[in-house]
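The values are calculated or read from the model by the stated rules, or taken from the named source; none is laboratory data. Keep in mind the model is a prediction, meaning the values are calculated, not measured. Note that each Cβ is placed from the backbone with ideal geometry, even for glycine, and that neighbours are counted across all protein chains shown.
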Amino acid sequence: MKKLKKILFDGQPDFRIRIFNLLALGGITISYVMAVLCLLVGNDFVTGLVNFLAGTMAVFLLYYTNQSGRYQMGYLITIIVVFLIGFPILFFTGGGYKGSMPCFFIFACLFTVFMLDTKKAILFVSIELTVYAFCCVYAHLNPACVIPLSGDLSLTFDIILGFVVVSLVLGTVIMLILRLYRQQQQSLELAREEAEAASRAKSTFLANMSHEIRSPLNTILAMNSLIERNSVSREIQDYARDIQRSGKMLLEIISNILDLSKIEAGKFDVENRPYQVTSLLSDLILSCELQTEKKGLQFHYEIDQTIPTVLIGSPLHITQIVMNFVSNAVKYTKAGTVTLVAEAKEADHPGYRMMRITVKDTGMGIGQEGLKDLFLSFERGKQPDGQRTEGTGLGLAIAKEIADRLGGQIMVESQKGKGSAFCMELPQKVESFEPIGPCGQWLMRDTQDSEYGSFLAPEGRVLIVDDNDENRKVFCALLEPTMVQIDTAASGREAIEMVKRKNYHVIFMDYMMPEMDGIETLQLMKKEHLADGTAIIALTADAVTGTREKLLREGFSAYLSKPVGTGSLESAILACLPADLVTRTDHQVPALIGDEKMSFIKDRLASYDIILENGLIYSGNDLILYCKRAYYFIEAYPKARESAERFFHEKDFENLVFPIHSLKSSAQAIGAEDLQHISARIEKRSGDLSYFENSMPLLFLEWQRAYDGLRWLLDELNEFLPKSEAEPDNEKLSPFAYGRRAVLAVRMCNWTQARCDVAALLDLEEDEGRRGRLQQMAALIEELSFEEAQPLLEDYLAEMEAKE
């Protein structure tokens with residue numbers, strides 16, 4: 001029995017096969033029992049023979065199907081031969097509807113339902129019901145056709161046997177179904193637990209790999225930006241830009257994979273907060289302009305002026321979706337136009353607006369066959385030549401998931417060869433119904449992403465805490481143009497010791513460090529009141545959901561995710577430094593001089609071994625900022641020169657290395673290449689006393705030449721520069737020169753210089769109307785209202801220029 005059970009049930013995973021085997025065994029048992037009983041009770045030889053033949057056929061079918069595996073054929077043979085032919089014969093030979101056969105009719109119909117697919121089951125059950133109903137009606141109309149059972153005892157026994165056997169078989173089948181259902185539920189629960197464990201393992205793996213990948217990638221991108229900034233070779237700059245593009249692409253791939261894992265794990269955080277629509281649209285427009293400009297495409301935007309000023313939603317995710325549209329538009333458009341359209345439509349709920357942002361392009365378009373797979377993960381578009389484009393194919397899939405979770409939708413219209421339009425619709429609650437108005441009133445075109453420094457703060461004190469030596473070097477290099485005082489610590493304990501000795505304005509602290517991590521270091525600093533009044537900013541490559549909230553909850557002032565760009569790093573410091581320590585340089589400076597004058601200055605500085613182009617690299621091609629560096633160089637020259645000469649004459653070569661080291665970087669920043677190279681060689685051969693003695697006179701010569709050249713430059717540009725970049729003198733300038741210098745001072749928020757120049761203009765101005773305007777400007781400058789004073793000064797300067 002155990003062997004039979006194993007063959008017929010345990011080895012068969014299919015539910016129908018198990019039921020067929022069970023019913024076949026039941027049918028065999030019933031047929032043979034009925035055949036024996038018919039012979040025992042008397043004259044029912046025909047009925048007994050039919051039952052014996054039915055049982056024998058059932059044995060054959062059971063053997064055939066299990067050996068051949070042709071179960072569907074076995075089901076059909078059973079239904080046709082046994083149920084549609086055999087059962088009607090047994091009906092007429094076994095007492096008709098007065099016997100047990102009506103019970104077996106029910107059994108036949110249920111068996112058919114279990115064994116066949118829906119359409120076949122309906123067909124054959126309909127045939128069976130028709131045949132069985134016909135048998136009953138025919139037997140009623142023609143009772144002579146029915147062979148009755150012999151005696152009441154046989155009839156009673158036949159009826160009892162019929163409903164008992166059918167009940168047992170059907171009950172066993174239902175028990176089997178329930179047992180299989182429980183087993184499947186247990187399997188599903190086990191599979192769910194295994195899937196959740198695998199998801200947790202994947203999330204942990206991705207979090208760890210995110211940190212491990214982002215940390216070296218941060219170093220690569222930052223070092224590469226320094227190569228691009230410092231190199232004077234156009235070829236090397238091109239290589240660096242290619243590296244930067246590929247590195248950012250890799251970073252985007254990592255971010256996409258992390259986003260997808262968060263969505264799959266159900267850990268996608270929906271942010272809802274008030275945001276300025278003008279700020280969001282400004283960022284989108286400027287980012288679009290940057291991407292299209294790099295590809296040589298035209299960019300247009302159409303902004304609905306009635307969009308409410310303040311909405312409540314997720315600006316971060318809106319930006320992510322729209323910038324994915326823009327990235328695809330630029331990628332698949334070889335020539336033509338990309339257009340950004342923003343509008344707000346009425347929503348179904350009061351107090352809401354449907355924010356709709358559309359990105360249109362005139363690119364290759366998408367055919368109907370491509371639209372159906374557009375939002376599948378890892379699906380990438382093809383160029384006209386059949387080549388797949390770069391990327392993971394996750395962007396649109398993630399964008400659609402985000403839009404769905406924010407209660408919105410993404411729509412696509414595209415025609416192959418004519419372009420595409422991707423539209424995002426998201427319901428946003430209105431915080432302020434005031435319309436944003438024309439773009440010209442709020443669109444800000446600033447230079448926050450400059451790689452060359454947006455401010456100078458020589459008295460600002462910053463501490464970098466990171467266990468990775470390369471990361472510390474990168475931070476120092478990125479902040480070098482700002483001239484802040486930078487100290488570094490390789491561990492939390494070292495940072496605590498440094499904070500005990502010195503007060504810092506800003507501390508950047510790595511979140512994941514051995515021995516004592518960033519949170520433990522922060523808690524100890526707060527416990528000992530070492531960082532009161534100091535901004536402590538967390539640095540981490542951990543991009544997993546919840547990290548930012550965790551760090552801010554622990555007490556960090558802010559959070560920066562690696563890789564950290566120059567713009568975000570400087571913005572963080574600017575937000576924390578006292579205003580009186582900062583000189584802003586992230587303004588748009590007008591051309592001080594024409595091309596002819598600039599060419600003359602370059603040639604004259606070259607005679608002093610100063611390459612102006614190389615120096616401007618470190619000042620963001622800003623001549624004002626370069627002159628500020630020149631002023632600092634001249635100011636430091638007497639004391640530094642005196643120290644170097646004293647150490648040289650005293651043959652104190654050990655201490656002489658320090659001013660030479662400082663001179664090397666200062667010379668590089670102003671473009672004095674010969675001075676830089678001599679300083680670097682002397683520093684490198686600090687142990688060679690003979691080399692020192694023979695090289696120092698040449699260094700002093702080049703140092704003097706650089707000093708003379710920069711003094712000449714400041715004298716030459718004296719009338720255009722604020723007093724901090726030009727030595728004060730008593731020379732009277734023209735009104736126009738005072739005006740230009742005043743405009744520059746206002747743009748640089750230089751209060752002292754702006755006051756002096758406007759006062760000088762007041763002394764020289766004779767027209768009462770213009771004097772009144774100058775007095776208004778002076779009052780605005782006195783109140784530090786530089787933004788309001790600037791357009792008035794520019795208009796005044798334009799009038800003076802037209803007058804001259």
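Considering region 111-129 alone, what residues qualify as being part of a helix (DSSP H, G or I) and either farther than 24 Å from L168 by Cβ or touching a Leu at 6+ places or on another chain (Cβ under 7 Å) (or both)? Those that are part of a helix (DSSP H, G or I) and either farther than 24 Å from L168 by Cβ or touching a Leu at 6+ places or on another chain (Cβ under 7 Å) (or both): F111, T118, K119, K120, I122, L123, F124, S126, I127, E128. Scanning for something at pLDDT 75 or above and not in a helix (DSSP H, G or I), does region 259-273 turn up at least one residue? Yes, region 259-273 contains at least one residue that is at pLDDT 75 or above and not in a helix (DSSP H, G or I).
Suppose the filter is at pLDDT 75 or above and either part of a helix (DSSP H, G or I) or surrounded by fewer than 17 Cβ atoms within 10 Å (Cβ to Cβ) (or both); does L552 pass it?
On the way: at pLDDT 75 or above: yes; either part of a helix (DSSP H, G or I) or surrounded by fewer than 17 Cβ atoms within 10 Å (Cβ to Cβ) (or both): yes.
So L552 fits the description; yes.
When restricted to residues that are surrounded by 15 or more Cβ atoms within 10 Å (Cβ to Cβ) and either modelled with pLDDT of 80 or more or of a type in the set (D, E, K, R) (or both), region 160-183 contains 0. Selection of first residues in region 116-138 that are without any contact (Cβ under 8 Å) to a residue 60 or more places away in the chain and of second residues that are not in a helix (DSSP H, G or I), restricted to Cβ pairs under 9 Å at least 6 apart or on distinct chains, gives the following pairs, ordered by first then second residue: I122/L116; L123/L116; F124/L116; V125/L116. Give the residue that is nearest to the chain's Cα centre (by Cα), with candidates limited to residues of region 572-592 that are modelled with pLDDT of 75 or more and buried (at least 17 other Cβ atoms within 10 Å of the Cβ). In this case the residue turns out to be A572.
Which of the residues belonging to region 130-154 are outside any helix (DSSP H, G or I) and either under 18 Å from F105 (Cβ atoms) or among the basic types (K, R) (or both)? Across region 130-154, the qualifying residues are V146, I147, L149. Checked against the criteria, T540 counts as among the polar types (S, T, N, Q) and at pLDDT below 85. For region 297-318, does any single residue satisfy the condition of being assigned to a helix (DSSP H, G or I), more than 15 Å from M424 (Cα to Cα) and of a type outside the set (A, V, I, L, M, F, W, C)? No, every residue in region 297-318 fails to be assigned to a helix (DSSP H, G or I), more than 15 Å from M424 (Cα to Cα) and of a type outside the set (A, V, I, L, M, F, W, C). Residues in region 773-788 that are at pLDDT below 80 and in a helix (DSSP H, G or I): A779, L780, I781, E782, F786, E787, E788.
Quick one: count up the residues across region 123-156 that are acidic (D, E) and either modelled with pLDDT of 80 or more or touching a Lys or Arg at 6+ places or on another chain (Cβ under 9 Å) (or both). I'd like the intermediate steps shown before the answer.
Of region 123-156, the ones acidic (D, E) are 128, 152.
Filter again for either modelled with pLDDT of 80 or more or touching a Lys or Arg at 6+ places or on another chain (Cβ under 9 Å) (or both), leaving 128.
Number satisfying all stated conditions: 1.
Looking across L623, L605, L616, one residue alone is farther than 23 Å from F736 by Cβ, among the hydrophobic types (A, V, I, L, M, F, W, C), modelled with pLDDT of 75 or more and crowded, with 21+ Cβ neighbours inside 10 Å. It is L605. Can you tell me which residue within region 57-86, out of those that are within 15 Å of L23 (Cα to Cα) and touching a Phe, Trp or Tyr at 6+ places or on another chain (Cβ under 8 Å), is surrounded by the most Cβ atoms within 10 Å (Cβ to Cβ)? The qualifying residue surrounded by the most Cβ atoms within 10 Å (Cβ to Cβ) is T78. A count restricted to region 381-397 and to residues that are surrounded by 15 or more Cβ atoms within 10 Å (Cβ to Cβ) and either over 20 Å from L340 (Cβ atoms) or modelled with pLDDT of 85 or more (or both) stands at 6.
Only one of (1) modelled with pLDDT of 85 or more; (2) hydroxyl-bearing (S, T, Y); (3) closer than 24 Å to A421 by Cα fails for S279. Which number is that? Unmet for S279, out of (1) modelled with pLDDT of 85 or more; (2) hydroxyl-bearing (S, T, Y); (3) closer than 24 Å to A421 by Cα: (1).
Look at region 487-513: where a residue is among the aliphatic types (A, V, I, L, M) and at pLDDT below 90 and a partner is surrounded by fewer than 22 Cβ atoms within 10 Å (Cβ to Cβ) and part of a helix (DSSP H, G or I), sitting 6+ places away or on another chain with Cβ atoms under 7 Å, you get M512/H211.
Scanning region 329-339 for residues that are over 20 Å from S282 (Cα atoms) and either modelled with pLDDT under 90 or not small (G, A, S) (or both) returns K331, Y332, T333, K334, A335.
Across region 490-503, the number of residues qualifying as surrounded by fewer than 23 Cβ atoms within 10 Å (Cβ to Cβ) and touching a strand residue (DSSP E or B) at 6+ places or on another chain (Cβ under 6 Å) comes to 1.
Within region 636-649, residues that are outside the structural domain of Q704 (by the TED database) have Cβ atoms under 7 Å from residues that are at pLDDT 85 or above in no pair, counting only partners at least 6 apart in sequence or on another chain.
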